[in-house]
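Trainee: I have a structure here, written as structure tokens, and I will follow up with some questions on it.
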Amino acid sequence: MNKTIAYVNLVKQAKQEKKEIFDSLNKLFRDGQFILGNETKKFENSISNYLKVKECVALNSGTDALTFGLSLIGVRKGDEVITPPNSFIGSSAAIVHLGAIPIFADVRVDQNIDPIEIEKKITKKTKAIMPVHLSGLPCDMEKIMKISKKYNLPVIEDAAQAIGTKYREKFVGTYGEIGCFSAHPLKNLNAMGDAGYLVTNNKKIAEKVRLLRNHGIKGRDKVISFGFVSRMDNVQAAILNIRLKKLKGVINTRRANARLYFRELGKLKNVKLPYENKNYFHTYHTFVIQAENRNELKKHLEQKGISTKIHYPYLIFEQDAYKKRFKNINYKKFPVSRELNKKILTLPINQYMTVKEIKKICIEIKNFYKD
Ligand SMILES: *Cc1c(COP(=O)(O)O)cnc(C)c1O
């Protein structure tokens, strides 16, 4: 019987951090502050220091960060927002909930939005550009910011998978007007439930997000505008404050795991490894290879007890939710996304993996291709 190699290991993470987390929660229980307390404030300050950005607002999810962000840069009914078709559904859902239309631009072979395609999709209705730093790899922010300036279009970055990712020494999420992050349990900086945060250098936007997340209430009793319930729980913030201190280590371990994969699989003809470039600091939220006979390889690895995923098996416009709402898109116009979707496979890369486990995965991949 094969011992399985897990894709993520949240149980091990919780076990290792149990004492620290319980100590912190004990303190919180004594204070009895569960909504917008000290831990939330501390988390916001730590993130703005870490990312070198003026403002951070702690929210209940990355999706709400995107929704508020889009709304505050003025996205309204009928507007168009340019975004890639190969993201998690939350990116486009945020656009749709504002009555706006996601306009897809094809990606490059590194899976991230192609600036040339962005420019082709700009119309009079375009209101914003929403790149997604998929897998923890930065988009080509230099080119994207040039387009933003040329057409006077704000950029809102979906950095849900990319905390700590840098493009030319500057953190992603801080290039555009607004950066949106998720702390979902599967992200590199993860809570034990839903959580997210928005960053910006624009104080006015931050103030408005603070109102929106909390019923539009200012102070105690004055309601400035109608809002929502979208605060980050103080309990989740306490857990995130502990984990933020370990983030550098988590990223380093994931990068070391990636290097091991590169060393072991670098010579394979049937496998293309993730894009690397000296200006791109990849944090490896996921390690996505492009493999020939992907479905058979996935099955083979499954049989050997190795758990893999596909991020994502469907392009957003292939989903029923999209088809029910918008007219069908000419699928053929997205050659790169389409081609990638036949080949992408996410290998386990979590910080709890051993060298032996990664080597076993590589051996099984080589066995599959008889290489
Ligand atoms: C996780 C994720 C989101 C949504 O974040 P939640 O915190 O789950 O709402 C949005 N976009 C991308 C690319 C994601 O990976």
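FYI, it's all coordinate maths here, none of it is from the lab. Everything quoted here is computed from the prediction, not taken from an experiment. Reconstructed Cβ throughout: ideal geometry from the backbone, glycine too, with neighbour counts over all protein chains shown.
Trainee: Ranked by Cβ crowding within 10 angstrom, fewest neighbours first, how are GLU169, GLU20, GLU177 ordered?
Mentor: In increasing order of surrounding Cβ atoms, one gets GLU169, GLU20, GLU177.
Trainee: I've got another one for you. Loop-only chymotrypsin sites (Phe, Trp or Tyr not before Pro) in the stretch 1-95, please: DSSP not H, G, I, E or B, and at most 14 other Cβ atoms within 10 Å.
Mentor: Working: sites: TYR7, PHE22, PHE29, PHE34, PHE43, TYR50, PHE68, PHE88; in loops: TYR7, PHE34, PHE88.
Those satisfying the criteria are PHE34.
Trainee: Shifting gears a bit: Using every alpha carbon pair in the chain, what percent of pairs falls into each 10 Å bin from 0 up to the bin containing the largest distance?
Mentor: Reading upward from the zero bin: 5, 24, 32, 25, 12, 2, 0.
Trainee: Could you tally the net charge around ALA93, taking each other residue with its Cβ under 14 Å from the Cβ of ALA93, Lys/Arg +1 and Asp/Glu -1? Please report the intermediate quantities before stating the final value.
Mentor: Details: positive: LYS324, ARG325; negative: ASP64, ASP158, ASP320.
Neighbourhood net charge equals -1.
Trainee: Percent of Cα-Cα pairs more than 18 Å apart in the stretch 136-200, please. Each step should come with its number before you reach the end.
Mentor: Values: 751 of 2080 pairs.
Taking all Cα-Cα pairs of the stretch 136-200, the fraction more than 18 Å apart is 36 percent.
Trainee: Based only on Cα atoms, what mean projected area does the convex hull of the stretch 276-371 have, in nm²? Before the final figure, lay out each step's value.
Mentor: Details: hull surface 34.7 nm².
Convex hull of Cα atoms, orientation-averaged projection: 8.7 nm².
Trainee: Here is a further query. With just the Cα atoms defining each centre, how far is the stretch 271-290 from the stretch 6-56? Give it in Å.
Mentor: First find each Cα centre; the distance between them is then 28 Å.
Trainee: Distance cut-off 30 Å, Cα to Cα: go down the list LYS269/LYS309; LYS19/LYS218; LYS41/LYS323; LYS54/LYS149 and report the pairs above it. Before the final figure, lay out the partial values.
Mentor: Values: LYS269/LYS309 21 Å; LYS19/LYS218 37 Å; LYS41/LYS323 41 Å; LYS54/LYS149 21 Å.
Pairs exceeding 30 Å: LYS19/LYS218; LYS41/LYS323.
Trainee: Here's another thing I want to ask about it. Taking neighbour Cβ counts within 10 Å as the exposure measure, how do LYS245, LYS269 sort from fewest upward? Mind showing how you got there, number by number?
Mentor: Numbers: LYS245 11, LYS269 8.
With the fewest neighbours first, LYS245, LYS269 line up as LYS269, LYS245.
Trainee: Hey, any idea what Rg/Rh is for the stretch 181-323, computing Rh the Kirkwood way over Cα pairs?
Mentor: Values: Rg = 20.8 Å, Rh = 19.2 Å.
My calculation of the ratio gives 1.08.
Trainee: With charges set only on the Cβ (+1 for Lys and Arg, -1 for Asp and Glu), what does the dipole of the chain come to about its Cα centre, in debye to the nearest 20? Working shown, then result.
Mentor: Working: 67 positive and 36 negative charges, 75 e Å.
That gives a dipole near 360 debye.
Trainee: Which of the trypsin sites (Lys or Arg not before Pro) across the stretch 23-119 are loop residues per DSSP, with 15 or fewer other Cβ within 10 Å? List each step's numbers first, then the result.
Mentor: Details: sites: LYS27, ARG30, LYS41, LYS42, LYS52, LYS54, ARG76, LYS77, ARG108; in loops: LYS52, LYS54, ARG76, LYS77, ARG108.
Answer in residue order: LYS52, LYS54, ARG76, LYS77.
Trainee: OK, next. Considering only C-alpha atoms, what is the centroid distance from the stretch 158-180 to the stretch 186-227, in Å?
Mentor: When both Cα centres are located, 18 Å separates them.
Trainee: Need the C-alpha centroid separation for the stretch 305-371 versus the stretch 76-98, integer Å.
Mentor: 22
Trainee: Rank the residues LYS146, LYS278, LYS272 as a footprinting-exposure proxy: fewest other Cβ atoms within 10 Å of their Cβ go first.
Mentor: Working: LYS146 13, LYS278 6, LYS272 17.
Sorted ascending by nearby Cβ count, the order is LYS278, LYS146, LYS272.
Trainee: Where does the chain land at 222 nm, in deg cm²/dmol rounded to the nearest 500, when only DSSP H runs of n ≥ 4 count, each adding -39500 (n - 2.57), divided by all residues?
Mentor: Working: 13 runs with 153 residues, N = 371.
Helix-only estimate at 222 nm: -12500 deg cm²/dmol.
Trainee: While we're looking at this one, here's another question. Can you give me the P(r) profile for the stretch 1-102? Cα pairs, bins 5 angstrom wide beginning at 0, each as a whole percent.
Mentor: In whole percents, the pair-distance histogram is 2, 10, 12, 12, 14, 16, 13, 10, 7, 3, 1, 0.
Trainee: While we're on this one: In Å and on Cα atoms, what radius of gyration and Dmax does the stretch 148-253 show?
Mentor: So, for the stretch 148-253, Rg and Dmax equal 15.6, 47 Å respectively.
Trainee: What does the charge add up to near GLU142, with Lys and Arg as +1, Asp and Glu as -1, over the other residues with Cβ less than 15 Å from its Cβ?
Mentor: Values: positive: ARG108, LYS143, LYS146, LYS149, LYS150, LYS166, ARG168, LYS170, LYS278; negative: ASP110, ASP114, GLU119, ASP140, GLU157, GLU169.
Around GLU142, the charge tally is +3.
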